[in-house]
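The values are calculated or read from the model by the stated rules, or taken from the named source; none is laboratory data. The shown structure was predicted, so the numbers you read here are calculated from the model rather than taken from an experiment. All Cβ positions, glycine included, derive from the backbone under ideal geometry; neighbour counts span all protein chains shown. In case anyone asks, the SASA skips ligands and DNA or RNA and just uses the protein heavy atoms, side chains included. Shrake-Rupley method; radii C 1.70, N 1.55, O 1.52, S 1.80 Å.
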Amino acid sequence: MRQLIIIGSGPAGFTAAIYAARAELKPLVIASSVETGGELTKTTEVENFPGFPEGIQGPDLMIKMQEQAEKFGAEIVYDDAVSVELEGPIKRVTVGAGTTYEALAVIYATGSAYRHLGLPDEQRLSGHGVSWCATCDGFFFRQKNIAVVGGGDSAMEEATFLTRFADKVTVIHRKDTLRASKIMQERAFADPKIEFAWNKTVSAIHGESAVTGVTLTDTVTGETSELALDGLFIAIGNDPRVHLVHGQLDLAPEGTIAVQGRSSRTNLEGVFAAGDVIDPTYRQAITAAGSGTVAALDAEKYLAELDPTLTASADGDAPVSPVTASA
Ligand code: NDP
């Protein structure tokens, strides 16, 4: 058994791991099977993380955070948590390979997942012109005509990045003003390859084996129009990844995990939450990192106050000691 398991490997998870490892809690980080590093691994230049005046690539920042956590003794499992039992003094986390890990405390830092439009052909054409990741797929759209849906920072960032490859990028937004920050808006407005389709939603995606176009519906007049496209990037925000904790952890009205005041404490003793999964508002790499710090300090305090016989049995010196899943 471990003292602490951290689920998630974005800025919140790895920052929690750095603090917990420095406190000699030897945390086990469940880092995901394909997405270690979280959403920042899908972004390009991060210009607003303090300490990097020249900017840093998102994937590089996450590699550095992981190296820092491992340097102090955090261990990483490259698998997804598929079920959790968080009630009671001993917490259990089962991963995709079927192994169950036990710990006295858990930090839940699973971040958020891309929102979908909810259209019938969206999933079918995913990977065939429909994408949620410009840095992953932009390369395939050299000299093509593509569109980005959304009016926030993500949509502006994706649109601007995609002009490196595409001949034309149309931003499709359901309003006539953007939600994105001023600097991101100005960058997009100044780009000659970017056009805007205001007050429009995508009501259908067309294409047999690959995207050929979309139907747009005007949100003011209700009129529909067709737009021929080679690719459609969806950047309409994220939803917190809470599907594993339904019925165990209380949620806030926004759908994030509810925490007590400025702490990371959830409704369950020994279970802490951090990062985008608790944050419907700020959702920045740096705020997630700060939130991971809070969770590690809360977990450290919780563990220090437990019965010493219990913590002695959670021998962090032992190698990862899986419990075979019973079901
Ligand atoms: P946001 O929630 O900020 O924006 C989502 C956008 O998508 C909004 O314009 C919204 O429209 C639109 N939208 C939502 N649902 C739908 C739908 N079903 N159909 C059509 N449009 C829809 O999400 P982001 O991912 O852009 O940003 C999340 C957070 O990450 C923000 O805090 C942002 O600042 C941050 N971020 C920062 C970056 C940076 O600083 N470099 C880069 C990327 C993100 P409406 O406006 O009408 O609600």
Charge dipole (the chain, unit charges on Cβ, about Cα centre) - positive-most of His246, Val294, Thr41:
Thr41
Over what distance in Å are the Cα centres of region 143-196 and region 51-113 separated?
33 Å
For the chain, give the magnitude of the charge dipole about the Cα centre (Cβ charges: +1 Lys/Arg, -1 Asp/Glu; no others), in debye to the nearest 20.
340 debye
Cα coordinate range in region 189-284, projected on the principal axes (Å, largest first):
54, 34, 27
Would you calculate the volume per residue, in Å³, of the smallest convex hull containing every Cα atom of region 202-255?
142 Å³
Among Trp198, Val259, Pro11 - extreme Cα towards positive end, dipole of the chain, charges at beta-carbon:
Trp198
What are the ³J(HN,Hα) couplings of region 225-234, residue after residue, when phi is run through the Karplus curve with 6.51, -1.76, 1.60 and θ = phi - 60°? Round to Hz, x for glycine and proline.
8, 9, 10, 6, 8, 9, x, 10, 9, 9
Taking 1 over the mean of 1/r across every pair of different Cα atoms in region 134-232, what Kirkwood radius in Å do you get?
13.5 Å
Counting all C-alpha pairs of the chain, share separated by more than 32 Å (%)
35 percent
Dipole check, the chain, charges on Cβ (K,R +1; D,E -1), about Cα centroid: among Val84, Gly275, Leu117 the Cα furthest to the positive pole belongs to Leu117
Applying the Karplus parametrisation 6.51 cos²θ - 1.76 cosθ + 1.60 with θ = phi - 60° to the phi angles of region 98-107, what ³J(HN,Hα) value in whole Hz is obtained for each residue in order, glycine and proline being reported as x?
x, 7, 10, 10, 10, 7, 7, 9, 10, 10
Mind checking the dipole of region 31-139: about its Cα centre, +1 per Lys or Arg Cβ, -1 per Asp or Glu Cβ, Debye to the nearest 20?
160 debye
Potential lengthening between Glu85 and His246 on full extension [0.36 nm per residue; Cα-Cα distance subtracted]
56.9 nm
Just give me a number: lysine pairs in the chain, eight or more positions apart or cross-chain, with C-alpha atoms less than 27 Å apart.
27
Mind listing the long-range amide H neighbours of Thr219? Cut-off is under 5 Å, sequence gap 5 or more, other chains count too, H placed in the peptide plane at 1.01 Å from N.
Lys200, Thr201
Tell me, what is the 1.4 Å probe accessible area of Thr221, in Å² to the nearest 10?
90 Å²
I want to make sure I understand the PRE zone here: with the label point 7 angstrom from the Cα of Glu24 toward its beta carbon, which residues in region 268-305 have backbone N atoms less than 11 Å away?
none
Calculate log10 I(q)/I(0) of region 240-286 for q = 0.25 Å⁻¹, where I(q) comes from the Debye formula with a single equal point scatterer on each Cα and nothing for solvent.
-0.92
Assigned charges on the beta-carbon of Lys, Arg, Asp, Glu; region 189-323 dipole about Cα centre (debye):
200 debye
What is the spread of the Cα atoms of region 1-74 along each of their three principal axes, largest first, in whole Å?
41, 25, 15
As I understand it, the value is the acute angle between the Cα axis of helix 58-71 and the longest principal axis of the Cα atoms of the chain; what does it come to in degrees, rounded to 10?
10 degrees
Long-range amide H contacts for Glu195: which residues qualify at under 5 Å (H placed 1.01 Å from N, peptide plane, sequence gap of 5 or more or a different chain)?
Val169, Thr170, Val171
In terms of solvent-accessible area of protein heavy atoms at a 1.4 angstrom probe, what is the ranking of Thr311, Thr281, highest value first?
Thr281, Thr311
Report Asp167's accessible area, 1.4 Å probe, all protein chains in place, as a number in Å² to the nearest 10.
90 Å²
Per the 1.4 Å probe, what fraction of the accessible area of the chain, in percent, lies on carbon and sulfur atoms?
51 percent
So how far apart, in nm, are the two label points at Ser33 and Thr177 if each is 7 Å from Cα heading toward Cβ?
4.5 nm
Relative counts (whole %) of C-alpha pair distances in region 117-174, using bins that are 10 Å wide
24, 57, 19
Apply 1/(1 + (r/R0)^6) to the Cβ-Cβ distance of Thr287 and Ala210, taking R0 = 45 Å, and write down the FRET efficiency to the nearest 0.05.
0.75
